[in-house]
Amino acid sequence: MGERLRGKVAFITGAGMGIGREAAVLFAQEGARVVVADIDGRAATETVARVEAGRGEALAVTGDVAIEADVERMIAEGTRRFDRLDVLYNNAGVLWKDRDRSVLETDGPWWDRVIAINLKSAFWVTKYGIPPLRRAGGGSIIMTGSVSALVGFTRAQDAYTVAKGALISLTKSLAIQFARDRIRCNIIHPGIVDTPLQAPYLTNDLRREFQAGIPLGRIAHPREIATVALFLAGDDSSFMTGAELVVDGGFTAG
Ligand SMILES: NC(=O)c1ccc[n+]([C@@H]2O[C@H](COP(=O)([O-])OP(=O)(O)OC[C@H]3O[C@@H](n4cnc5c(N)ncnc54)[C@H](O)[C@@H]3O)[C@@H](O)[C@H]2O)c1
């Protein structure tokens, strides 16, 4: 077990799978107690089992990050169990390439739902999560952007892109507002990561096409994003706030 998050409590949304699950396991290995928040209760319970298998401590809470009452309750359940909150990791997100496309092809209700899950969730999580961070004397907020917010794509997911772009602005605003409370806020922009989110779309052809466009020549493992989140969650990044970390194998450097 490491020590980098010793004594800290982390609330991670979308921790039932993919990057969030990797982060939950990794944060626990570094001494954090973890609130595993997910809309999929079975997935959250499985993540908790993996944390416990590594002799870590975690609590599964189930709800929809787009719904205010769910987020308020999940944060309350976490703070009740662990007494404090030090890290808010806004990781939950959806990529629905069939329903969220160009503005010309997307229906209004799908636009609203994608924005609610990917963007409004961060509003609810910080609205209810910042007060416990303040009570703890400070903390770290981690947002999840995407390379989609940084460059345009001809195969568009415009609602997803807009949500991720707006999170950059929210990151900077929160960083400035709460710096004096010793609350830092930073955003990670992952490139393509091998998770259940991408699985339905990663045909062999598309995988080859993506890999050809990534200077490091491959898609990321979710742990390669979770390690960056660990850095932002802990004191190794104590002088960083309002920053954007691009973790994309060099994709946007080209
Ligand atoms: N995988 C990639 O290539 C990639 C690239 C850039 C950014 N991202 C971002 O990283 C984050 C994590 O992505 P991932 O690939 O691990 O996704 P994933 O689909 O593998 O896991 C996401 C988790 O979020 C949960 N979730 C979905 N909707 C929810 C809701 N309304 N309320 C609560 N939980 C909900 C899911 O049940 C799932 O457990 C997302 O914000 C995503 O946009 C991923």
Can you compute the helix-only [θ] at 222 nm over the chain? Use -39500 (n - 2.57) per DSSP H run of at least 4 residues, normalise by all residues, nearest 500 deg cm²/dmol. -13000 deg cm²/dmol
Evaluate the charge dipole of the chain about its Cα centre and quote only its size in Debye, nearest 20, assuming +1 on the Cβ of each Lys and Arg and -1 on the Cβ of each Asp and Glu. 540
Please give the Cα centre distance for the stretch 7-76 versus the stretch 158-173, rounded to the nearest Å. 23
Scanning the chain for helices, which whole DSSP H stretches are 24 Å or more long along the axis (Cα) and average 0.0 or more by Kyte-Doolittle? 158-178
Fewest-first ordering of Y201, Y89, Y128 by Cβ atoms within 10 Å yields Y201, Y128, Y89
Looking at the chain only, what percent of DSSP beta bridges run antiparallel? Nearest 5 please. 0
So T45 and E209, fully extended at 0.36 nm per residue minus their Cα-Cα distance, gain in nm 55.5 nm
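Under a Cβ-only charge scheme (Lys and Arg +1, Asp and Glu -1), can you give me the dipole magnitude of the stretch 196-254 about the Cα centre, in debye to the nearest 20?
Numbers: 4 positive and 7 negative charges, 54 e Å.
About 260 debye.
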Under 13 Å, Cβ to Cβ, from V193 - net charge with Lys/Arg +1 and Asp/Glu -1: 0
Specify which residue in the list A149, Q177, T161 is farthest towards the positive end of the charge dipole of the stretch 89-195, using unit charges on the beta carbon of Lys, Arg (+1) and Asp, Glu (-1), about the Cα centre. Q177
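Looking at the chain, identify the longest residue range that excludes and avoids all trypsin sites (Lys or Arg not before Pro) in DSSP loops having at most 15 other Cβ atoms within 10 Å. Don't skip to the answer; put the middle values down first.
Numbers: sites that count: R6, R55, K97, R155, R182, R218.
Of all site-free stretches, the longest is 98-154.
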Is there a pair in K97/K164; K97/K127; K120/K164; K8/K120 whose C-alpha atoms are over 21 Å apart, and which pairs would that be? K97/K127; K8/K120
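Every number here is computed from the coordinates shown, using simple stated rules; none is lab data. Note that the structure is a prediction, hence the values are computed from the model and not measured. With ideal geometry, Cβ positions are generated from the backbone for all residues, glycine too; neighbour counts draw on all protein chains shown.
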